[in-house]
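Note sheet for the following structure.
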Amino acid sequence: MALEPVNVREFQQMAKDGLPKMYYDFYAGGAEDEFSLKENEEAFRRITLRPRVLVDVSRIDMSTTILGYRISSPIMIAPTAYHKLAHPEGEVATAKAAAACNTIMILSFMSTCTVEEVASSCNAVRFFQLYVYKRRDVAAALVKRAERHGYKALVLTVDVPRLGRREADIRNRMVLPYLKNFDGLFSAEVDSDNGSNLEAFANQTLDASLCWKDIAWLKSITNLPILVKGILTGEDAIKAMEAGVSGIVVSNHGARQLDYSPATISVLQEVVHATRGKIPVLFDGGVRRGTDVFKALALGAQAVLVGRPIIYGLAAKGEAGVRQVIEILKTELELTMALSGCPSLKDITRSHVKTERDRIH
Ligand code: FNR
């Protein structure tokens with residue numbers, strides 16, 4: 001019998017062994033030199049912990065509230081595309097795992113199950129991630145459907161005016177899967193007979209003119225709270241607040257967009273300072289350990305989103321694999337909190353971590 005994975009990284013090899021190369025490369029890859037891809041994980045290794053002892057840690061409470069929704073731990077599911085390429089049940093399996101773990105799933109705009117299928121399959125709290133196409137009516141239609149089916153917030157991804165150059169997809173001639181969400185809205189056909197079909201599709205459809213004033217447009221068509229995902233500077237955090245968003249996700253899109261963008265954990269504190277506690281800051285990029293979650297919380301994140309490990313869990317074992325990935329991260333976070341003298345999330349403070357900057361100053 002195959003050995004059970006004991007940590008989240010071990011799911012990656014299982015996914016690699018089980019998936020066609022084109023799909024594994026799509027999930028695992030980053031942009032160009034993949035500098036930021038490595039950095040997202042490496043930068044966590046350069047942060048050490050400052051544990052406190054002789055604190056009563058006989059009970060650990062990891063629960064938290066995101067936009068008013070209570071979840072069991074600050075570990076959420078990032079929006080990632082095309083789950084049916086990883087497992088035949090696709091996003092429905094992921095959503096069931098989110099419900100079982102009592103966490104929030106952010107459904108990708110590029111999902112292979114529909115907004116409705118995911119909504120009716122489970123009672124997890126769901127947010128909906130949005131891309132805005134030149135055809136604004138497509139975004140507007142999806143927003144309406146998400147609202148109607150009980151999605152609780154919109155996550156507007158703002159780091160994709162064009163698609164990053166993911167060289168593995170170009171080499172593999174990655175093919176766009178069937179996107180059932182768009183049935184009846186528009187034809188997801190693309191003119192491309194070489195290179196990445198995804199890149200051609202994205203560049204044909206995405207509205208590269210989208211800018212800050214368009215948040216007002218989005219607010220005019222929905223009452224849902226809006227989070228912007230893809231903020232990497234204090235300047236943009238301030239603009240996001242001025243635009244009236246309800247939260248920010250610090251993210252470099254899992255290093256799939258602008259290579260040489262900073263490791264997200266290295267800019268989290270800057271963004272948190274800029275928001276001055278007025279709106280929640282979520283975080284993603286390179287979270288592979290409970291200690292990573294702890295570090296992000298210490299630097300001011302309210303919760304983290306996990307991307308690739310969820311897909312690897314899904315590819316390895318479907319819903320059970322996604323559950324296992326989340327449970328392993330929760331178990332590790334709980335232990336980290338106990339060993340650091342933090343019985344609840346509010347006990348995790350900036351003084352529980354030491355970053356490279358702390359060493360210089
Ligand atoms: C993504 N990401 C993403 N983001 C988004 O807003 N919409 C999307 O459709 C996708 N699709 C997608 C596919 C795949 C295969 C990956 C790996 C990522 C980015 C995602 O939400 C998140 O920002 C990163 O995945 C976080 O980094 P880690 O956890 O993968 O290191």
* Give the residue that is farthest from the ligand (Cβ to nearest atom), with candidates limited to residues of segment 251-279 that are of a type in the set (Ser, Thr, Tyr) and in contact with a strand residue (DSSP E or B) (Cβ under 9 Å, 6 or more places away or on another chain). => Thr275
* Give segment 350-361 a look and list any residue that's part of a loop (DSSP other than H, G, I, E, B) and loosely packed, with under 13 Cβ neighbours inside 10 Å, or say none. => His361
* **Those residues of segment 61-90 which are of a type in the set (Val, Ile, Thr), crowded, with 17+ Cβ neighbours inside 10 Å and touching a strand residue (DSSP E or B) at 6+ places or on another chain (Cβ under 8 Å), in sequence order** => Thr64, Ile66, Ile71, Ile75, Ile77
* Asked: Out of (1) away from the ligand (no atom under 16 Å from the Cβ); (2) within 18 Å of the chain's Cα centre (by Cα), the odd one out for Lys239 is which?
  -> (2)
* To do: Look through segment 271-293, keep the residues that are closer than 26 Å to Ala15 by Cα and assigned to a helix (DSSP H, G or I), and return whichever of them is farthest from the chain's Cα centre (by Cα).
  => Thr291
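Each row is one residue, and each column tells you yes or no for (1) closer than 23 Å to Leu154 by Cβ; (2) in a helix (DSSP H, G or I).
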{"position": "Leu176", "(1), (2)": "no, no"}
{"position": "Asn181", "(1), (2)": "yes, yes"}
{"position": "Phe186", "(1), (2)": "yes, no"}
{"position": "Glu189", "(1), (2)": "no, no"}
{"position": "Leu210", "(1), (2)": "yes, no"}
{"position": "Ala216", "(1), (2)": "yes, yes"}
{"position": "Lys229", "(1), (2)": "yes, no"}
{"position": "Asp236", "(1), (2)": "yes, yes"}
{"position": "Lys239", "(1), (2)": "yes, yes"}
* To do: Could you tell me whether any residue of segment 126-138 is away from the ligand (no atom under 14 Å from the Cβ) and among the hydroxyl-bearing types (Ser, Thr, Tyr)?
  => no
* Residue count for segment 280-306, restricted to those that are near the ligand (Cβ under 8 Å from one of its atoms) and either at pLDDT below 95 or buried (at least 24 other Cβ atoms within 10 Å of the Cβ) (or both) -> 6
* Could you list, in sequence order, the residues of segment 1-39 that are assigned to a helix (DSSP H, G or I) and among the polar types (S, T, N, Q)? -> Gln12, Gln13, Ser36
* Using the structure shown, decide if Val160 is within 16 Å of the ligand (Cβ to nearest atom) and assigned to a loop (DSSP other than H, G, I, E, B). => yes
* If you take the residues of segment 91-108 that are over 15 Å from Lys152 (Cα atoms) and within 13 Å of the ligand (Cβ to nearest atom), which of them is surrounded by the fewest Cβ atoms within 10 Å (Cβ to Cβ)? -> Glu91
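The values are calculated or read from the model by the stated rules, or taken from the named source; none is laboratory data. Just so we're clear, the structure is a prediction, and the values are computed from it rather than from any experiment. Counting neighbours? That spans all protein chains shown, and the Cβs are built from the backbone with ideal geometry, glycine included.
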